[in-house]
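Note sheet for the following structure.
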């Protein structure tokens, strides 16, 4: 792949830092800043935010001076299936209960890979669900409800 | 020789068949749970605490201590194999350990970690026995100003963790510091940066952040080009380090042990800095600093030793003052109280068998761990031959359970997803996650001690310079800055010259 | 998921309808006791000791679940919205009363979201100082603090912590503002007191007893109505002239609103039996406290205590002007 006239990755990173700094900075501004003796909750984060914005700007400036490598491909399929897995677990662990929730969480995550076919995915999810129920719920005695209220008939 | 008779008492207590058994149970449990990704020592002990209530006080504490350093070992294993540190200390191990694993040297990395930890554990146990009581006096000299200066030293050192741009590493540290401030301001009770979500009132969960920026980001990276995935080669020629490897690890292990033992004594935060500090020192001392971040042996040996030494010496403030140095120790205090022992300055005098028994059991536990772990290395490495598309759903399941088990807080799981995305984006932008993690751990402490020092010093900023320990630490920070930046500047100049040629 | 939710609604209705018959068999499975603080802390310790003994009487395991965060309000909120079937209960301390004022927007209504089981224990507090603090006794201590109000520093373990509450009470009793230094928990606060970095603190006997006995800190007064057996020479704050200065960290067990009275009574009976156990008394004594009496371990006594304490702390907290949200 060809190199670019400026480092896009670094430039993007710098912009990201500036945005994060601004995000925290604005919120700090709304908090009580206080004095040096009695610093308020906003004092320290405001100072840090300013530093972060400056650092981000410096990163951007540096990026324009040197060529960089391209960012490369993104794991789109991975993001679609991996990131929701823990969210799904969080949404259902109390309602559905531990066993069905962890089974479905694993099942969802399986689809992130093209190599995983539905049947092995099902099998793997069952194995994971059984194993983690035995280890965490029975052996370690974690206070999880195995089957939640949504499932009680 | 009071020490000898004390140690004899300790070994006779810890060496009883019953206590040996519980020590073994502890280290096995610790190792097993430590290798489950996303579950660190804190979660493990919190989960297992109730089990120990039925035991004798000595046995239960020996078992808990076993779980603690067993989980440290186990946590390093996942850090090396799948880039998933369970505790802040093994975040450093992940940097070079995982790179070694990618080069097919997972067995070597694991063996180095185990041997280095064992050596460090043995030495620091002896230090605990000799210096436990006098050293606490030193630890108490550390007030808010000293802690602040210590944190500054730690942060300044952390930029050496970076093997890319120092500017980006600094920005990552600051981002981490800011993320660490999410939650409630302890001075006023004002909620900060929690987007109105009460579940984040106590801050973001460390495990959630670590799992996200390290683990999930790494999984996503591996899913990118599924076809040409090169990660772990199945041909693992030798599990044990070669003679050369041994020679390369001796000095880092010695230095790591010294750094870890010293920092571990400080209640609150000292031990966290140990592995970071050791990494910095190794990178500076190395003749090949460019190897760091690409699988340097010293980058595993030093921090792992420091981490384990710090884990041992952090028992000093616990045993002599009743002050927990970290969340795990806080759980141990709880266990002691439930057992009817109120930890404090009198424990050593009132319960000598317990006090020295725990110390002796630490060494025994470390010995058991190394015996247990060396043969297991083969097994762990085999685990890597499992196809990745089978491995990562399992990792996702374990991480979800692990994160949830810490506090039964579902918002921690949402944080995992968020930090997974952030971590992946940062990875794509070639920013390294380790400095971010250090900033995250130190952020709240840095602010807390800065503000406390200002209150205690009546708003006079010279308080940091008039207190000798604080001043020394700040001078050291300055020295580190100079050492880090000078070569950088010189290199820049060289680059400029070559370009103009 | 819509189907599941509907099923859930049906279940709740079924349980409510069947609750009369249901209570006779109670408890038929394990009970979850939510502790709104981290495992290993003093409240957790109390909960685990009591839970173990109550389990024996109930014939079912009580599982302690730690739901920490936001000064105990997250765990309390969890129980407030749990099913009112007696299988989820809450063990909380004085924070139940103070959070009603400290938090201006709670997720639950403290007085109307719970049923009551009973009081468990009241841990007294001690007013302590670093080992080399000058005053020789409590009257001298009060004079010294008043005279040096602008230099004496007072540690506490964070907003809403026992030491913070007691500190506010102390300052309002003396009518002097002191420089307060908050810490994250009792551990670091005690470290700085031991190291002489701060001057004074007011904290539970659980944390201070061993240090006072070891001579590493100085004990000046206790905040209980009468002197304590473990410190017969230490005066009460009231003896020292601080009228009505009485602070204790009381613990109570609650269940969600709508839990059948039979269930609460059954739990209450189990609690009373547990507290009468000699083993519990011995363990509590090591913590510098004593189990509540059979009269205190009742729904009525806990309800009364909660109501009184909310009223007592409201003006103190409002006068100090501190809020946790």
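The values are calculated or read from the model by the stated rules, or taken from the named source; none is laboratory data. Just so we're clear, the structure is a prediction, and the values are computed from it rather than from any experiment. We place every Cβ from the backbone using ideal geometry, glycine too, and count neighbours over all the protein chains shown.
Restricting attention to the range B:424-442, and to residues there that are part of a loop (DSSP other than H, G, I, E, B) and in contact (Cβ under 8 Å) with a residue 24 or more places away in the chain, which single residue is surrounded by the fewest Cβ atoms within 10 Å (Cβ to Cβ)?
Among those that are part of a loop (DSSP other than H, G, I, E, B) and in contact (Cβ under 8 Å) with a residue 24 or more places away in the chain, it is B:430.
If we keep just the residues of the range C:262-284 that are within 14 Å of chain B (Cβ to nearest Cβ) and in contact (Cβ under 8 Å) with a residue 40 or more places away in the chain, which is surrounded by the fewest Cβ atoms within 10 Å (Cβ to Cβ)?
Only one residue fits best here, namely C:279.
With assigned by TED's automatic domain parsing to the domain that holds residue C:278, part of a loop (DSSP other than H, G, I, E, B) and under 15 Å from the mean Cα position of the chain (by Cα) as the only criterion, which of C:68, C:86, C:72 stands out?
C:68
Any residue in the range B:466-480 that is at positive phi and either in contact (Cβ under 8 Å) with a residue 60 or more places away in the chain or within 12 Å of chain A (Cβ to nearest Cβ) (or both)?
no
Those residues that are crowded, with 17+ Cβ neighbours inside 10 Å and not in a helix (DSSP H, G or I), I need them from the range A:69-100; list them, please.
Result: A:75, A:83, A:93, A:94, A:95, A:96, A:97.
Scan the range B:225-250 residue by residue and report those that are in contact with a helix residue (DSSP H, G or I) (Cβ under 7 Å, 6 or more places away or on another chain) and either at pLDDT 65 or above or crowded, with 18+ Cβ neighbours inside 10 Å (or both).
Matches in the range B:225-250: B:232, B:236, B:239, B:240, B:241, B:245, B:248, B:249.
Test residue A:149 against the stated conditions and say whether it is over 26 Å from the mean Cα position of the chain (by Cα) and either more than 8 Å from every other protein chain (Cβ to nearest Cβ) or free of Cβ contacts under 8 Å to residues at least 60 places away in the same chain (or both).
Spelling it out, residue A:149 is indeed over 26 Å from the mean Cα position of the chain (by Cα) and either more than 8 Å from every other protein chain (Cβ to nearest Cβ) or free of Cβ contacts under 8 Å to residues at least 60 places away in the same chain (or both).
Among the residues of the range A:25-67, what is the count of those that are in contact with a strand residue (DSSP E or B) (Cβ under 9 Å, 6 or more places away or on another chain), facing another protein chain (nearest Cβ under 7 Å) and surrounded by 23 or more Cβ atoms within 10 Å (Cβ to Cβ)?
So the count comes out to 2.
What about residue A:11, is it farther than 16 Å from residue B:175 by Cβ and not in a helix (DSSP H, G or I)?
No.
Restricting attention to the range C:188-209, which residues are under 21 Å from the mean Cα position of the chain (by Cα) and crowded, with 23+ Cβ neighbours inside 10 Å?
Correct list: C:188, C:189, C:190, C:201, C:202, C:203, C:204, C:205, C:206, C:207, C:208.
When you go through B:113, B:109, B:145 one by one, which is the residue that is at pLDDT 85 or above and either outside any helix (DSSP H, G or I) or within 14 Å of chain C (Cβ to nearest Cβ) (or both)?
Exactly one residue qualifies, and that residue is B:145.
Quick check: is even one residue across the range B:408-419 more than 8 Å from chain A (Cβ to nearest Cβ), in a loop (DSSP other than H, G, I, E, B) and buried (at least 21 other Cβ atoms within 10 Å of the Cβ)?
Within the range B:408-419, one or more residues are more than 8 Å from chain A (Cβ to nearest Cβ), in a loop (DSSP other than H, G, I, E, B) and buried (at least 21 other Cβ atoms within 10 Å of the Cβ).
Residue check: is residue B:392 buried (at least 22 other Cβ atoms within 10 Å of the Cβ), more than 14 Å from residue B:35 (Cα to Cα), more than 9 Å from chain A (Cβ to nearest Cβ) and at pLDDT 80 or above?
Considered against the rule, which asks whether it is buried (at least 22 other Cβ atoms within 10 Å of the Cβ), more than 14 Å from residue B:35 (Cα to Cα), more than 9 Å from chain A (Cβ to nearest Cβ) and at pLDDT 80 or above, residue B:392 comes out as no.
Given C:99, C:163, C:105, which one is in the same structural domain as residue C:217 (by TED's automatic domain parsing) and in contact (Cβ under 8 Å) with a residue 12 or more places away in the chain?
C:163
So which helices (runs of 4 or more DSSP H) are wholly in the range B:1-75 and hold at least 3 residues that are at pLDDT 75 or above?
Ranges flagged: B:2-14, B:17-35.
Conditions first: (1) modelled with pLDDT of 90 or more; (2) over 27 Å from residue A:93 (Cβ atoms). Residue B:432 passes all but one, so which condition is the exception?
Condition not satisfied by residue B:432: (1).
Among the residues of the range A:101-119, which ones are in a helix (DSSP H, G or I) and surrounded by fewer than 18 Cβ atoms within 10 Å (Cβ to Cβ)?
A:104, A:118, A:119
Of the residues in the range B:456-465, how many are within 12 Å of another protein chain (Cβ to nearest Cβ) and assigned to a helix (DSSP H, G or I)?
2
Looking at (1) free of Cβ contacts under 8 Å to residues at least 12 places away in the same chain; (2) touching a helix residue (DSSP H, G or I) at 6+ places or on another chain (Cβ under 9 Å), find the lone condition where residue A:64 falls short.
Every condition holds for residue A:64 apart from (1).
Any residue at all in the range B:437-455 that's modelled with pLDDT of 85 or more, at the interface with another protein chain (Cβ under 7 Å from one of its Cβ atoms) and farther than 25 Å from residue C:185 by Cβ?
no
Sort out which residues of the range C:225-247 are closer than 18 Å to residue C:313 by Cβ, modelled with pLDDT under 90 and out of contact with any helix residue (DSSP H, G or I) (no Cβ under 6 Å at 6 or more places or on another chain), and write them in order of number.
C:225, C:243, C:244, C:246
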